[in-house]
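Student: If you scroll down you'll find the structure; I have some questions about it.
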Amino acid sequence: GWNLIGNQELVKTMNPKLEKILKLPLWQRLTALGVVAVLIIAAFVWFMWLPKQEELTKLEGQLQKIEAELVQKRQIAKNLPKFKEEFAKMEKLLEQALTELPNQKEIPSLLTNLAALAKSNGLDVKKFQPQGEVPKGFFAEVPSQLSLEGSFHEMAEFAQAIGLLPRIVNISNLDLSGPKTRGNEAVLKIGCKVTTFRFIEK
């Protein structure tokens, strides 16, 4: 009896709207409760769960990228001693190659040495005409036209001496003409192109 009287008093003191809801049939109250629950769940999904899922997907993508970079860096770190060894070899080869390519300041003395080398091998230098440089990237061709007189044997010795130089020097366009007798040997008019190469400093 007390519980019933107490409940009635409690209902009277409640908000009229709430009192109206409590007086509805059970199935209507359950339906209203279900609608409220669905709205609460929908709000949670929309405002809380979906943004977190989007953030989670983004973080998973970043994690995969970081893991791929980590695998790559571990592979590089594993091969680093080998890379360093290869790099040291390449530096040594480059240094050696550059010693064979004079810089611009060394070109005049090198050309003078070529003329002196021809004379020391018995050739008579009639003309030594440097021509324009031809850039080829990190190096440039430095051609010169040579007009000489001498025997075929002297020319062969000159070519051999050029091959022994520490610098790269090529002989091309060799032209032998106008033979004449000098003592017991034939003297030729010799025309050739002598090309050396210089390092383009950057």
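Student: Along the charge dipole of the stretch 44-180, pointing to its positive end and built from +1/-1 on Cβ of Lys, Arg, Asp and Glu, which listed residue (Gln75, Asn173, Ala116) has its Cα farthest out?
Tutor: Gln75
Student: Also, quick follow-up: Between Thr112 and Glu86, with labels modelled 7 Å along Cα→Cβ, what's the label distance in nm to one decimal, could you check?
Tutor: In this crude label model, Thr112 to Glu86 measures out at 4.5 nm.
Student: Given R₀ = 30 Å, FRET efficiency for Gln145-Glu95 by Cβ-Cβ distance, to 0.05? The partial results should precede the final answer.
Tutor: Details: r = 32 Å, r/R0 = 1.07.
That gives a FRET efficiency of 0.40.
Student: Further question on the same structure: As a test of reading the structure, rank Ser151, Ser177 by solvent-accessible area (1.4 Å probe, protein chains only), most first. Please list the in-between numbers first.
Tutor: On the way: Ser151 5, Ser177 50 Å².
Putting Ser151, Ser177 in descending order of accessible area: Ser177, Ser151.
Student: Here's another thing I want to ask about it. Give the ranking of Phe83, Phe152, Phe158, Phe139 by solvent-accessible surface, highest area first, calculated with a 1.4 Å probe. The partial results should precede the final answer.
Tutor: On the way: Phe83 105, Phe152 130, Phe158 0, Phe139 55 Å².
These residues rank, largest area first, as Phe152, Phe83, Phe139, Phe158.
Student: Okay, next question. Measure up Lys52/Lys78; Lys92/Lys136; Lys89/Lys136; Lys92/Lys126 against 32 Å on the Cα-Cα distance and list the ones that go over. All intermediate terms of the calculation are to be shown ahead of the outcome.
Tutor: Numbers: Lys52/Lys78 38 Å; Lys92/Lys136 22 Å; Lys89/Lys136 25 Å; Lys92/Lys126 41 Å.
In this structure, Lys52/Lys78; Lys92/Lys126 lie more than 32 Å apart at Cα.
Student: Nearest 20 debye, what's the magnitude of the dipole of the stretch 83-199 about its Cα centre given +1 on Lys and Arg Cβ and -1 on Asp and Glu Cβ? Working shown, then result.
Tutor: Details: 14 positive and 14 negative charges, 58 e Å.
For the stretch 83-199, the charge dipole is close to 280 debye.
Student: Starting from the Cα of Gln131, move 7 Å in the Cα-to-Cβ direction to define the label point; list residues of the stretch 182-202 whose amide nitrogen is under 17 Å from there.
Tutor: 190-198
Student: Tell me which GluC sites (Glu not before Pro) from the stretch 38-101 have a DSSP coil assignment and no more than 16 other beta carbons within 10 Å of their own. Kindly include the intermediate steps, with their values, before the conclusion.
Tutor: Values: sites: Glu54, Glu55, Glu60, Glu67, Glu69, Glu85, Glu86, Glu91, Glu95, Glu100; in loops: Glu100.
Filter output for the stretch 38-101: Glu100.
Student: To one decimal place, what orientation-averaged projected area in nm² is obtained for the convex hull of the Cα set of the stretch 75-201?
Tutor: Values: hull surface 39.6 nm².
Spelled out: convex hull of the Cα atoms, projected over all directions, averaged, 9.9 nm².
The values are calculated or read from the model by the stated rules, or taken from the named source; none is laboratory data. As the structure is a computational prediction, the values presented were derived from the model and not from experiment. Don't worry about glycine lacking a Cβ; one is built from the backbone with ideal geometry, like all the others, and counts go over all protein chains shown. These accessible areas exclude ligands, DNA and RNA; they are computed on the full protein's heavy atoms, side chains included. Shrake-Rupley method; radii C 1.70, N 1.55, O 1.52, S 1.80 Å.
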